[in-house]
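Read-outs throughout are calculated quantities, based only on the coordinates presented, and are distinct from any laboratory measurement. Everything numeric in this text was worked out from a predicted model, so none of it was measured. Heads up, the Cβs are rebuilt from the backbone with ideal geometry, glycines too, and the neighbour counts pull from every protein chain shown.
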Amino acid sequence: MKNTSGNYQIDSLDRSILNTLINDARTAYSEIAKKLRVSPATIHVRVEKMRKAGIIASTELKVNAKQLGYDVCCFIGITLRHAGDYPKAIAKLEALEEVIEAYYTTGPYNVFIKIMTPSINDLQHVLINRIQSIDEVQSTETLISLQQPIQRQIQP
């Protein structure tokens, strides 16, 4: 299987390395090497090749938002006044710390965002005073998430 740039083919060893790191990015190369019966240097070389090829985009720390007091997760579909308003609207949405993801979409919305707030009152404030007050926003539709039963990475 090739990555999008087409210059690096991943094999079963690469897939095993990726799956291990997806499960726990802090896993030591020596531990991965022992599990896969190769040298730690092999793991290091493979990981670096996958980084350079863009297959491994980053190593991230995952924070439990609920433990930090962010109890409300919602998705907001945004319709813009004009198609040309997209760059300005995205810049303004990016400035809002509650917006944690944004997508340019087809269908009924121009932009679909995910936000996290501590409470429904905070959601109401962000929605009315910070999102709907953006000049480029014509309308919004809010969907509150009750739970997230599935959360996973793409499988290599």
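Here are a few things to note about the model shown:
- The phi torsions of the stretch 78-93, fed into the Karplus equation with coefficients 6.51, -1.76 and 1.60 and a -60° offset, translate into couplings of 10, 9, 8, 5, 9, 4, x, 7, 3, x, 5, 5, 4, 4, 6, 5 Hz, rounded to whole numbers, with Gly and Pro shown as x.
- Take the Cα radius of gyration of the chain and divide it by 2.2 N^0.38 Å, N being the number of residues; the result is 1.36.
- Taking the chain and dividing mean pair separation by its residue count, relative contact order in percent (alpha carbons under 8 Å, at least six apart): 24
- Ranked by the mean number of other Cβ atoms within 10 Å per residue, highest first, peptides 85-91, 149-155 order as 85-91, 149-155.
- In the stretch 1-63, Rg over Rh equals 0.96, where Rg is the alpha-carbon radius of gyration and Rh the Kirkwood radius from pairwise Cα distances.
- In this structure, the amide hydrogen of Ile56, modeled 1.01 Å from its nitrogen in the peptide plane, lies closer than 5 angstrom to those of Arg51, counting only residues at least 5 positions away or on a different chain.
- Residues whose amide H comes within less than 5 Å of that of Glu98, counting only those at least five positions distant or on another chain, are absent (H built at 1.01 Å from N in the peptide plane).
- For the stretch 66-145, the convex hull spanned by the alpha carbon atoms encloses 79 Å³ per residue.
- Amide H partners (placed H, <5 Å) of Val72, local residues excluded: Thr117, Ser119
- Residue-wise HN-Hα coupling along the stretch 34-45, computed from phi with Karplus coefficients 6.51, -1.76, 1.60 (Hz; x: Gly, Pro): 4, 4, 9, 6, 9, 7, x, 5, 4, 4, 4, 4
- Under the Karplus curve 6.51 cos²θ - 1.76 cosθ + 1.60, θ = phi - 60°, whole-Hz ³J(HN,Hα) for the stretch 62-69, x wherever Gly or Pro sits: 9, 9, 7, 4, 4, 5, 8, x
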